[in-house]
Amino acid sequence: MKNIKIFFYLIVLLSVISCKKETTTSTNTNNSTPSKDTTILYPGKKLEILKEDLPNSPMTYNQAQQEVFKLQSKGWRFPTDSELQFMYLDRNVIGGFREFYYWGNWSGITPPYCAMDFKTGKVQSGFSLPSSTNTPCYVRLVRNIK
């Protein structure tokens, strides 16, 4: 199991090293979306990451879901657990992260929510978070780019 984790981190680290970053100016009309986003090459796809946390962060998971629902039509969503890991490793390039928890979604696991501590880099499942979904965490959304 330890070897698998090391292998995963090496793949992510190599991806970060070969990562291309470009800052783009969005033409968002929704005031709850920051105006500058970061586009990076995530392993196997292009991923756009909001340059700033959502306004009103930190927030509970239910509050965060409501904000995501408002922006879902524009493709914004919670990052997956592996995307959170990538964002953590590349946090200095992306910028603006706080040393606190950020909401994300597990890939195919119940409960679907997780949070990553951007101080330590540890991802925690919903069951291990204090007070579960009532724990306020920051929110940084992502969307896939074709």
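Rule-based calculations on the coordinates, nothing more; no lab input. Just so you know, these numbers come straight off a predicted model, no measurement behind them. Cβ sites come from the backbone with ideal geometry, for glycine too, and all protein chains shown count toward neighbours.
Would you order Ser57, Ser73 from fewest to most other beta-carbon atoms within 10 Å of each residue's own beta-carbon?
Details: Ser57 19, Ser73 8.
Going from least to most buried by this count: Ser73, Ser57.
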What ranking do Glu67, Glu99, Glu52 get, fewest neighbouring Cβ atoms within 10 angstrom at the top?
Glu99, Glu52, Glu67
Starting from the 7 Å offset along Cα-to-Cβ, what nm value, one decimal, do you get for the label separation of Asn144 and Phe100?
3.1 nm
Which pairs break 23 Å Cα to Cα here: Lys46/Lys119; Lys119/Lys146; Lys74/Lys119; Lys51/Lys122; Lys45/Lys119; Lys51/Lys119?
Lys46/Lys119; Lys119/Lys146; Lys74/Lys119; Lys45/Lys119
Please list, in chain and number order, the residues 5+ apart from Leu141 or on another chain whose amide H is under 5 Å from its amide H, with Hs placed from the backbone.
Leu50, Leu54
Would you order Tyr88, Tyr61 from fewest to most other beta-carbon atoms within 10 Å of each residue's own beta-carbon?
Tyr88, Tyr61
Gain upon complete extension [Asn92, Lys45; 0.36 nm per residue less C-alpha separation]
14.9 nm
